[in-house]
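The values are calculated or read from the model by the stated rules, or taken from the named source; none is laboratory data. These figures come from a predicted structure and were not determined experimentally. Cβ placement follows ideal geometry from the backbone for every residue including glycine, while neighbour counts extend to all protein chains displayed. Just the protein is used for accessible areas: all its heavy atoms, side chains included, with ligands, DNA and RNA removed. Shrake-Rupley method; radii C 1.70, N 1.55, O 1.52, S 1.80 Å.
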Amino acid sequence: MLGGIPLACLDLLGQSVLDRVVQRLRHDGVNLITVVIRDEFSHLARTSAATIRSVPSRPNLWSAAECTLREYVEHGVELVLLTRLGVYAELDLAHLIRFHRDAKQGVTAVTKDRESLDSWLIDAHQVRQTRRIGLPVLVDREGMAAALPYPVPGYVGRLEDATDLRRLVVDAFLSRCSIRPKGREISRGVWFDEGARAHRRARIVAPAYLGCGAQLRADTLVTRFSNLERGCYVHAGTVIDDASVLANTYVGKGLNVAHAIVDGNTLHPLRHNIVVEIPDAKLLGRTVPVAPSRSAAGGSGSLSLAERLLATAWN
């Protein structure tokens, strides 16, 4: 969480992790996708490529996920990919399915370096058992001790705190993962999304990203893996160094923001385990919200193994 918002729902280089995961699943041929999310965050699940199922409180998430899984199985789904978006993991679905089939087990847990990623591939007959034992019991780590876990060979980035968010931004800039900034690369390592503007006396040092409608005033400097998300406004003479400025944030005149995440009037210094709230709107605050650009819905089709999959993500 950051400011009470799940990290997976925050824009990151122009698109949330949730949207990127849904888009990746669609690209891999997964046509049935349901996002189970708490009511208070449902407006952040903007993807048009998935069904959004909102619930009133956290305890209801497991129940809603369980009902969703059973509904899809009753309509003929053979395998279910169930994942909680506390991590960003780049899965090879076809490889995971082959591993699961070869292991001849009803549930396969997804891991990285022997740590659970709270993601499971589940056979339909195991889903039907949830009526009797419940979904939390089905995927309980102790109960699955004898099952072979699937070790993800690709990129995995945790999404637990502000440091994780910054690490994912840097890894994307360095091409350590498949995340790429949205918009156009106007010069090597510098991306501008639609409507982004920089004053002719503003300076941008690659790699850096300006989101949809973001604005830089005169004599500003943006450098060292910094990202300014949609609707951001940085006033004259301010330096953004190794920092993330989240959507619709105003940064005042003549400031030096370094090694931090800024979200509205809240500052998260990454070198200190603190959160600083700035009450002066001339220093930090909110801009008029800029609507996010529409994300691609992805392609249709089926997996190479002709499997029908449901991916359910919840926060």
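Key figures for this structure:
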| read-out | value |
| --- | --- |
| Positive dipole terminus of the chain, leading residue within THR220, SER244, LEU284 (C-beta point charges) | THR220 |
| Per residue, in Å², the accessible surface of the stretch 242-295 once ligands and nucleic acids are set aside, probe 1.4 Å | 56 Å² |
| Taking only Cα atoms of the stretch 166-263, radius of gyration then Dmax in Å | 11.8, 35 |
| Projected-area mean, the chain, by convex hull of Cα positions, square nanometres | 16.3 nm² |
| DSSP beta bridges in the chain [antiparallel fraction, %, rounded to 5] | 40 percent |
| Net charge dipole size for the stretch 68-222 [Lys, Arg +1 and Asp, Glu -1 on Cβ; Debye, nearest 20] | 600 debye |
| Among 72-81, 182-191, the order from most to least packed when residues are scored by Cβ within 10 Å on average | 72-81, 182-191 |
| By accessible area with a 1.4 Å probe, ligands and nucleic acids excluded, highest first: order of ASP193, ASP102 | ASP102, ASP193 |
| Å² of accessible area per residue within the stretch 69-134, as computed with a 1.4 Å probe and no ligands counted | 46 Å² |
| Rounded if a/c under 1.5, otherwise prolate or oblate - the stretch 135-215, Cα gyration tensor axes | prolate |
| With every protein chain in place, the chain: carbon and sulfur % of accessible area (1.4 Å) | 49 percent |
